[in-house]
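Note sheet for the following structure.
The values are calculated or read from the model by the stated rules, or taken from the named source; none is laboratory data. Bear in mind the structure is a predicted one, so any value in this text is a computation, not a measurement. Because the Cβ atoms are built from the backbone with ideal geometry, glycine has one as well, and the counts that use them run over all protein chains shown.
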Amino acid sequence: MTAILKAAAFASALCVFGAAANAADSVSVQLDYVVRGNHAMFFVAKEKGYFAKQNLDVTEIRKGTGSPNAMRLVGNGNAEFGFGDLPTLAVARSQDVPVVALAAVNQHSPLGMIALSSKHKLTKPQDLKGLTLGVQPSGSTYVFLKAFLASNGMTLDDVKQNTVTPPYENYLLLGRVDAVPGYIDAEVPELEAKAGGPGSLSFIQGSDFGYTVYGSGLFTSQKMIAEKSDVVQRFVNAYMQAFADVIKSPEEAADIIIKANPEYGPKKDVLVKQIEADIKSTFFGPETKTNGIGWMSKATWESTTKILVEQGTMKQNIDVSAAFTDKYLAGANALKR
């Protein structure tokens, strides 16, 4: 081989090696349920190239069938990142599912109880006594329901249960149940649009009646943190940049969701209302004032698990310091300085 051919071959090899070295890390995301406003960060980060700038290729953002299943899928390595109810993550940890919270998107739980105002006026938890509730025993809403009732001196014996399948809000609209647990930033805007507009729903939020826990958030697996910590940091960097954009412009965020999910085109107003409900009620709290959006603290995690254990939702306590980490949020915040 001539010197020129050898040089060309060497240069070609370097290009191949360089391309391999710079290849984006492929990751996937598992959502807790159908697409909602508080899922916007994933789509915004992808559409605006924030993931690409972090050398990440998000190959899939999969819809889910509930937070417990999302925890299991991420814990088993079927997806690298997930989004779901953080009290449910605590329960999953107590069942040896190896997932770790990365950001508390909802600083206050957006969960509450919903009824049609034309049939039942909900002003306090005791108004639920004797009503037929639509429940999904395997979902995060059931975790909430049991803890919420216990927080207010009640048990499941005080209500009637009707096991339903998602979307169980439809059972409320059809009059088959009197009330359902649901999210102020998800079901309420969508249900309100179907039920007759503003004032058609009666809603009490759990955080106003003793259910003082985190809401939903971003999480990953222990394995990802142990083996691919740099990938986790880069993902959080992109996600938090998108989070700020979503807060700044709910309309733009809704448009981006629809671009990735055209079937949601008719629901733009609902998506915007979902995001606006979060901005008003759940994205911000004492911890975010000091440390920025998404922040978590050991004290609040301990409070969350204490409520779940005392009320029988979680059978045993967990090491909360292993259930969450603010390391990556701190890293993402450092980039802004």
Ala179: in contact (Cβ under 8 Å) with a residue 12 or more places away in the chain and in contact with a Phe, Trp or Tyr (Cβ under 7 Å, 6 or more places away or on another chain), yes or no? no
Among the residues of the range 323-331, is there at least one that is under 20 Å from the mean Cα position of the chain (by Cα), more than 17 Å from Leu218 (Cβ to Cβ) and not charged (D, E, K, R)? no
Looking only at the range 250-306, which residues are more than 19 Å from Gly84 (Cβ to Cβ), in a loop (DSSP other than H, G, I, E, B) and in contact with an Asp or Glu (Cβ under 9 Å, 6 or more places away or on another chain)? Ser297
Where residues in the range 65-78 are over 21 Å from Ala147 (Cβ atoms) and either among the acidic types (Asp, Glu) or at pLDDT 95 or above (or both), which of them is surrounded by the most Cβ atoms within 10 Å (Cβ to Cβ)? Val74
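Rundown of residues vs (1) assigned by TED's automatic domain parsing to the domain that holds Lys248; (2) at pLDDT below 95; (3) in a loop (DSSP other than H, G, I, E, B); (4) surrounded by 13 or more Cβ atoms within 10 Å (Cβ to Cβ), yes/no style:
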{"position": "Met1", "(1), (2), (3), (4)": "no, yes, yes, no"}
{"position": "Ala8", "(1), (2), (3), (4)": "no, yes, no, no"}
{"position": "Phe17", "(1), (2), (3), (4)": "no, yes, no, no"}
{"position": "Val29", "(1), (2), (3), (4)": "yes, no, no, yes"}
{"position": "Met41", "(1), (2), (3), (4)": "yes, no, no, yes"}
{"position": "Lys46", "(1), (2), (3), (4)": "yes, no, no, yes"}
{"position": "Ala52", "(1), (2), (3), (4)": "yes, no, no, yes"}
Residues Asp278, Asp269: which one is of a type in the set (Asp, Glu), at pLDDT below 95 and closer than 16 Å to Ala242 by Cα? Asp278
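Being under 22 Å from the mean Cα position of the chain (by Cα) and at pLDDT 85 or above is the filter; apply it to the range 143-156 and report the residue that is nearest to Ala92 (Cα to Cα).
Phe144
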Every listed condition ((1) out of contact with any Asp or Glu (no Cβ under 9 Å at 6 or more places or on another chain); (2) at pLDDT 95 or above) holds for Ala334 save (2)
Take the range 188-206 and flag every residue that is over 14 Å from Asn106 (Cβ atoms) and not aliphatic (A, V, I, L, M). Pro189, Glu190, Glu192, Lys194, Gly196, Gly197, Pro198, Gly199, Ser200, Ser202, Phe203
